[in-house]
1. Answer yes or no as to whether A:ASP391 is among the charged types (D, E, K, R) and closer than 20 Å to A:ILE425 by Cβ.
2. Can you find, within segment C:67-85, the residue that is modelled with the highest pLDDT among those that are buried (at least 16 other Cβ atoms within 10 Å of the Cβ) and among the aliphatic types (A, V, I, L, M)?
3. Looking at C:PRO17, C:PRO64 in this structure, which one is touching a strand residue (DSSP E or B) at 6+ places or on another chain (Cβ under 6 Å) and either modelled with pLDDT under 85 or in a strand (DSSP E or B) (or both)?
4. Among the residues of segment A:338-380, what is the count of those that are surrounded by 24 or more Cβ atoms within 10 Å (Cβ to Cβ), within 11 Å of chain C (Cβ to nearest Cβ) and assigned to a loop (DSSP other than H, G, I, E, B)?
5. Residue by residue through segment B:149-169, note down the ones that are among the hydrophobic types (A, V, I, L, M, F, W, C) and at pLDDT 90 or above.
6. Look through C:ARG236, C:ARG242 and report the one residue that is under 14 Å from the mean Cα position of the chain (by Cα), surrounded by fewer than 24 Cβ atoms within 10 Å (Cβ to Cβ) and farther than 28 Å from C:ALA23 by Cα.
7. Scan segment B:73-89 for residues that are within 12 Å of B:LEU13 (Cβ to Cβ) and among the acidic types (Asp, Glu) and report the count.
Amino acid sequence: MSSTATVGDLVSQNYKYGFVTDIATDKIAKGLSEEVVRLISSMKQEPAFLLDFRLRAYRQWLQMEEPDWATLGYPPIDYQEIIYYAAPKQQQKKSSLDEVDPKLLETFEKLGIPLSEQKRLSNVAVDAVFDSVSIATTFREQLAEHGVIFCSISEAVKDHPELVERYLGTVVPTNDNYFAALNSAVFSDGSFVFIPKGVECPMELSTYFRINSGDTGQFERTLIIAEEASTVSYLEGCTAPMFDTNQLHAAVVELVALDDASIKYSTVQNWYAGDENGVGGIYNFVTKRGQCRGDRSRISWTQVETGSAITWKYPSCVLQGADSVGEFYSVALTNNRQQADTGTKMVHVGPRTRSTIVSKGISAGHSANSYRGLVQIGPKAVGARNYSQCDSMLIGDQAAANTYPYIRCQQPQSSIEHEASTCRISEDQLFYLQSRGIGFEEAVSMMVSGFCRDVFNQLPMEFAAEADKLLALKLEGSVG
Amino acid sequence: MSAVIRPDAPVLLEIRDLHASVENQPILKGVNLTIRAGEIHAVMGRNGSGKSTLSKVLAGHPAYTVTAGSVFYRGENLLDLDPEQRSRIGLFLGFQYPVEIPGVSNLEFLRVATNARRKERGDEELDTFAFEDVVRERLSVVQMDPAFLDRSVNEGFSGGEKKRNEILQMALLEPVVAILDETDSGLDIDALRIVAGGVNQLSSPDNATLLITHYQRLLDLITPDAVHVMAAGRILRSGGKELALELERSGYDWVDAELARLDGEAERQPLEVA
Amino acid sequence: MVAAPVVTAAAAGSGAPALAWLAELAGAPLPTRRQEDWRFTDLTALAAIPVGVAAPAAGRALDPWAELNLPAGVTRLTGTAAEAQLGTALAASGCDQHWPVLLNGGARPALLVLKVEGDAGSLELPLPVSAGEGVAAWRLLLVLEPGARLELLQVPAPAPGQRQLLSLVSEVVLGEGARLQLGCLAQGHNHAALLHHLAVRQASASELQATLVSSGWGLARHEPRVVQEQGAARTRLLGLQRVDGRQLADTHSFVRFDGPDGELDQLHKAVADGSGRSVFNGAVQVPRLAQRTNAAQLSRTLLLSDRARIDTKPELEIVADDVKCAHGATVSQLQSEELFYLRSRGIDATTAAGLLQRAFCHEVLRELPAAAHRHDPMTALLGAA
C-alpha cells in the first residue's frame, strides 16, 4: 500500500468508448495530392475562394517540414497512407433528426450525447460530428431567434459564405505551421458559431467529435466569431474507437472576439490513448488560437486532456485590443505510454492586456507530460500583466514531467510572474485521509481532483461534474 | 502493568506485548495497556520514548511494522485492519502534525470522512446541506470560524487552527477510542483551553481517550484516570494522576536509573534460567 | 597545449572572413539561430572581431601564470599529470562538442591545471589580455581532492578599447566533501565579446557555489554546467548580468543529478537597459535515480527601458516522483511604490532608482568571494552611486 506503484495501478482503466459503429461510409482513395484537395472541395460543392484557400495551403504545406522541437517521439507519419475524407453514407444532411440513420443516433447516445428531442440536454445545443461530417445540430431554431448561428462549417460555407470568407484563416494563417497548413488544405467539417452584436448566447454550445473509421484522418475546422459585446460558452468533446493503428487528428480552431466580447472555449478530450504498451491511439496535433481583436474582449481556454497517444496543442491568445484578457486553464493526465506536449501562448500586443495561465499536469506509468508555454509582451503592451502557474504531479518513478515556460518581454511597464512546482501524492497525506475512514482509491481520487480544482472551477457547470467523473474513471481500478 | 480503574466496564482496547519497528529499527519493545470504557489515560515520556510510534501503530501507519504482540479493539484484531477501516469502526488518531492537503476542500473532506463512519454504523449518509447543518453545530465545540470549512485541508492553518480542526473531526466522527498525540504541543493557553474543553465535552462513559503528552499542563485541564510513563519503547510505570504531578516535580531522571536496572535484569536473566 | 604562441592572422580583412576564420579555428561552423540553444544569440556579431590572436598578457615564456603566487595546498600540474583529467568535466556535462569549447581548443589556450588539497584559502586568478585585437583563450582545470576547500576569483578583462573575443573554459572536479566557492567577475566593454564555459563534476557531499557576474560586453555568453555524479551534493548557482546600449548577455545553465538527495539553489538576475538584450535559459534534469532531489530555480529580471528585451526559458525535466522542484520567474520594472516611498523622503527619482537597482544587484554580488571587493563590483556594474 505504501508503494507508489499501487497509485499507478489506480490510474489505469479501460477505455469505455472504444467500440466501432458498423455503418457504411463513403471514403475517397488514400493519399494526398492536389487532385485530392480539389476532389474534397468539389464533393463539398465549395465556392472558388475556398478552393483557392485550400490549394494555397496545400502548396505551402509541400514546402514545410514537420516540427520536431516538441518533447515527443513517434515513428514518421506516412501522409500518403491516410484517407482524407470519409463520411457516413447518407445523401444530404437531414433537416430532421428522424431522417438520420438510427445507428448514428444510437452511437452518440452510447457516448452520453443523446440528440433526440426527448433525451437531449435542455440547455446545451450540440453539433455532432461523425468522422468527417456533421450529422446533426440541435436547437438551431431556438438559437436563430437570437440571431446566433450554430451549424457545421460546411453549411456555413453554403449559407454564410461572406462570414466564412471574412474570418477563415485570419487567426491561424494557412502557413502558420505544418499541421495547420495540412488542415487548411483538407479540412472536412467542424463547427461554425456566430454571435451577433450585443447577444448573450442563451445556451451552452457544444460539438462532439467522433472518429469511427480506422484509417481516416480527421481534420476539423472550427470558427467562432463573437461580435461586439456578445458572449458565448462553447464545449467540445472527443472520443474514438480502439484500433491498433494510429489515427491522425489535425484540427484548427480559430476564435475572434471583437470589442467587449467574451468567448469561453472548453475541451474535454478523451480520444483513444492506445493500450498500455503504446499500441494504437490518436495523434492529436491541434492548432487553437483566439484573437482578442477588440478592446476589453476576453478569450478563455479550458482544457481537460486525458486521451490521445500523442497530444501536441497550445491553445493561444493574441491580445490585440486594449485591456483584453486571455486565460488558459489546463489539466493534462497521461498514463502508460501517452505523450503530451501542451501549453499555451499569450501574446500581449495591446496596452493593459492581462493573461492568466494555470496548468496542471499529472504523469503516471511510462508517460511523458510536458508543459510548453510562451508569454510574450510586445513593446506597445504598456501595463501588461501575466501570471502563470504550472504544477506537475508525478505518480510512479517512470513518468516524466517537463516544464518549458518561455518568457519574452520588451515592455518595462509590465509584469510577469511565473511559478511552478512538482509534487506527488505523499504517503503522509494518504495516511491522514485513510485514518479518517476514507478508502485508498477515494483518497487518491480526492487528491488528484483537488490538485485540478482550480481548472475544474473554470468549466461550465454542466461539464465540471463530467470532467471530475472522467478523471475519477481514469483513476478507477483495483487497489494492489 | 496497567492499573484497573473501572473493572466492570467493557474493555475497549487491549494492547499486549506490542513490538514495532520502523525501517528495521525497533521502537516499541513490549507495550502492555488495557483501556476500558469511560477511562481517560495519559501516556507521558521524553522525546523518542516511543509515544508517537504507539499512536501511529494503533492507527495503522504503513511505515511501521508490528513485529510481535497483539492489539484488540472491542475483541477484534485491530492489526488486521486498514487505516480507513480502523477509523470507520471508531478509532481516532489526533495527529501531532496534521497533514496539509492542498486543493482538497476541508468541508468535502469532513463530509466524506463522516459519511464513511456513518455508513459503517448503519446510519444514513448526509448530503451536502444536511452535513453543513451538522458541521456548523459541531464548530462550536472548538470555537472555529466557519470560514475554515471553505479552505483546503489544514493548508495555511496555524498550529492552533490545525489542532482545533483535529478536535472538530473527532466531534464529527464520534470515536469510541480517541488517541490524541501531543495535541497540546504548540498551543497557547487559550487554544489549549478550547482543545481541552472539546475533549472533555466529547468524553462519556461509553468511550475512552488516550492522551499522549509531554507536559502536565494539559492534564490540569483534562483529568486522567491513569498515567503511564513510557521509556525505551515500553511502559515503565503506571499510576494515578498524582504520577504526572510527581514527574512535573522531579523530572525524568529516575527513568534512566530504572532503565539501567531493567537492562541489568535482562542480562542476568539467561543465567537465572540456566 | 601549454601557453599560447601568437598566431598571425590566417587571413586579413573583416566581416565574413573573421567568421570563416573562427569556424576554421573551431573546426566547426558557427552555430546559427536556427539551433535552439542559439535562438536568441546571434554569433554573426563576432564578425566585428579582427582575425588574429590576442595573447593573454604573458610573463616569462609566454605563460601568463608563470609568476602566479599559489597558496599552500594548491599545486600546479603540468605534462601528463595535467592532462589526465582534462576534458572529463566537459564530457560529463555534455558540452565537449559545444562550439565555444571547440573554439577554445582551436585557439590554443593558455593552460592552467591546479590540484587543491586541504583548506587552501583563497586565490585570485587574473585573466588579463595584452593590447592587440583578435581571440584570446584560456583553459583552466581545478581538481579539488576529497575534503579540499578553495575560494577562487576569476577576473576576465579585455584590453581597453580593443576588439577582442575572450574565450574562457574552466573545468572543475570536486572530490567527495570538497568545497569550492567560485566567483567570476567579468567586466567587458562594447567592443569585446566573452564566451565562457564552466563545467563541473561534483562527487557526493561536495559543495559548489558559483557566482557569475557579467556586464558591459558587446556580447557575453556564460554556460555554467554542473553534474552531480552521485547526487547528494549541494550546488548554488548565482548569476547577475547587466546589459545597456546594444549589448547582449546570455546565460545558459545546465544542472543534472545522477544520483539521489542532491540539492540545487539557483538565482539568476538580470538588468536590461538601453537597447540591451538579456537571455536566460536554465535547464535542470532530474532522472529516475535522482530521488529526493531538492531543486529551486528563480529568475528575476529588471527591465528598465522600452527598447530592451529579455528572453527567459527555464527547462525542467523530471522523471523521479519523490522530488521537490520549484521554479519561478518574474519580470518587472522598479516597483513604483518603493520609488515613491524613497522620493517622499526627499530622494530624487534618479538616486532612488539607483538605490533600488543596487539593492537588486547586491543579493548576488555579496555572494562573490571576498577578494572581489577590491574590484568594487557594484561600481563596475552600475557606475558610481
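The values are calculated or read from the model by the stated rules, or taken from the named source; none is laboratory data. Just so we're clear, the structure is a prediction, and the values are computed from it rather than from any experiment. Note that we place each Cβ from the backbone using ideal geometry, even for glycine, and neighbour counts take in every protein chain shown.
1. Answer is yes for this residue.
2. Checking each candidate, the answer is C:VAL74.
3. The match here is C:PRO64.
4. Number of matching residues: 2.
5. Answer for segment B:149-169, where residues must be among the hydrophobic types (A, V, I, L, M, F, W, C) and at pLDDT 90 or above: B:LEU149, B:PHE157, B:ILE167, B:LEU168.
6. Every option except C:ARG236 fails the conditions.
7. Residues meeting the conditions: 1.
This table checks each residue for (1) under 22 Å from A:GLN376 (Cα atoms); (2) modelled with pLDDT of 95 or more; (3) in contact with a His (Cβ under 6 Å, 6 or more places away or on another chain); (4) polar (S, T, N, Q).
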{"residue": "A:ARG296", "(1), (2), (3), (4)": "yes, yes, no, no"}
{"residue": "A:GLY307", "(1), (2), (3), (4)": "no, no, no, no"}
{"residue": "A:ILE310", "(1), (2), (3), (4)": "no, no, no, no"}
{"residue": "A:PRO315", "(1), (2), (3), (4)": "yes, yes, no, no"}
{"residue": "A:VAL325", "(1), (2), (3), (4)": "yes, yes, no, no"}
{"residue": "A:PHE328", "(1), (2), (3), (4)": "yes, yes, no, no"}
{"residue": "A:ALA332", "(1), (2), (3), (4)": "no, no, no, no"}
{"residue": "A:THR344", "(1), (2), (3), (4)": "yes, yes, no, yes"}
{"residue": "A:VAL347", "(1), (2), (3), (4)": "yes, yes, no, no"}
